[in-house]
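> Sending over a structure as C-alpha cells; questions will come in a sec.
Every number in this text was worked out from the coordinates using simple rules, so none of it is lab data. None of these values were measured; they are calculated from a predicted model. No Cβ is skipped: glycine too gets one built from the backbone with ideal geometry, and neighbour counts run over all protein chains shown.
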Amino acid sequence: MNPVAGPGAAETGHGQPLAGGRAQHLPMLVADVERVMAVEVTAYSHPWTRGNFVDSLAAGHEAELRLGPDGRLQAYQVTMPGVEECHLLNLTVAPAWQRRGLGGLMLGRLAARAVARGDHAVWLEVREGNAPARALYRRCGFIEHGLRKHYYPAAGGREHAVVMGLVLDDAPARTLIARAREDDDGLV
C-alpha cells in the first residue's frame, strides 16, 4: 500500500507512487496480484486464483492494469499471444467501474497491441449466461463462433462457454482501435 496516498490507493509494482491527474495503463507484475485478487473475487462467482495470475505472468502472457487518477485499480486483462492471433484469458472491470466504457477501452488497447505484433485475430471464451459481457464483445465487433460445452465451473454443475473472435483487419476492429487511441480520460 502507498502510505502517502492512504488505504485503497495503489502503487506500481515497482513501489513508486502513481502520478496523479490521469488514468494509467501499466503492465501487471507479480507484485500487483494481491490487489488484482481483491477485485477478481468481487467480480466473479468463480474467480481466477492467485496461482492463475502468477502462472500467466510466469508464462509471459501479456497483462495490463488500468489505474484511475487516484491510483485505484479499475480494470485489467490477461492475454496469451499465439501465432498471428491472441487469446483473451481474463478481462475484468471492477464492479464500481462497470458500464463506463472501460471494457471497450481495454479491448481496443489489446487489439492495437495485437495488430502491432502482426496478429490477425483475437479469440476468447465467455460464459453463455454472461449477457452483459457477450453484448460488450458484440458491440466491439466480436462474432460468436461456437460453444465449448461444460467449460466453466458453475453453481450446481458446469456452464457452456461461447467462443468469440475478432478479425483485426475488419472495420469493427479498426474502429475499436481508433477509439482506444483517443484520450480515454473522458470515459470516466
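> Evaluate the distance, in nm, between pseudo-label points positioned 7 Å from the Cα of Met37 and of Ala58 along their respective Cα→Cβ axes.
Placing both labels 7 Å beyond Cα along the Cβ direction yields 1.4 nm.
> Follow-up. What is the sum of charges around Ala94, taking Lys and Arg as +1, Asp and Glu as -1, for the other residues whose C-beta is under 13 Å from the C-beta of Ala94?
+3
> Charges at C-beta only: +1 for Lys and Arg, -1 for Asp and Glu. How large is the resulting dipole of the range 112-188 about its Cα centre, in Debye rounded to 20?
260 debye
> Follow-up. Got a sec? How would Val167, Val41 order by Cβ neighbour count within 10 Å, fewest to most?
Ranking Val167, Val41 by Cβ neighbours within 10 Å, fewest first, gives Val41, Val167.
> What angle, in degrees between 0 and 90 and rounded to the nearest 10, separates the Cα long axis of helix 33-43 from the longest principal axis of the Cα atoms of the chain?
Once rounded, one gets 60 degrees.
> About the Cα centre, and with charges only on the beta carbon of Lys, Arg (+1) and Asp, Glu (-1), how big is the dipole of the chain? Nearest 20 debye, please.
420 debye
> Mind checking which of Ser56, Thr79, Ala135 is farthest towards the positive end of the chain's charge dipole, using Cβ charges of +1 (Lys, Arg) and -1 (Asp, Glu) about the Cα centre?
Looking along the dipole axis, the top candidate is Ala135.
> Something else now. Please give, to one decimal in nm, the separation of the simple spin-label points placed at Arg117 and Ala178, each 7 Å out from Cα toward the Cβ.
Each label point is offset 7 Å from its Cα along the Cβ direction, giving 2.5 nm.
> If I model a spin label as a point 7 Å beyond the Cα along the Cα-Cβ vector, how far apart are those points for Arg50 and Asp169 in nm?
4.5 nm
> Right, next: Using the Cβ atoms and a cut-off under 13 Å, what net charge is assigned to the surroundings of Ala133, where Lys and Arg are +1 and Asp and Glu are -1?
Neighbour charge sum, excluding Ala133 itself: +1.
> Then there's this: Arrange Trp123, Trp97 by Cβ neighbour counts within 10 Å, fewest through most, would you?
Trp123, Trp97
> At q = 0.12, 0.17 Å⁻¹, what is the log10 ratio I(q)/I(0) for the chain, with the Debye formula run over Cα points and no solvent?
-0.58, -1.18
> If you take every residue apart from His46 with its C-beta less than 11 Å away from the C-beta of His46, what net charge results, scoring Lys and Arg +1 and Asp and Glu -1?
Local net charge: 0.
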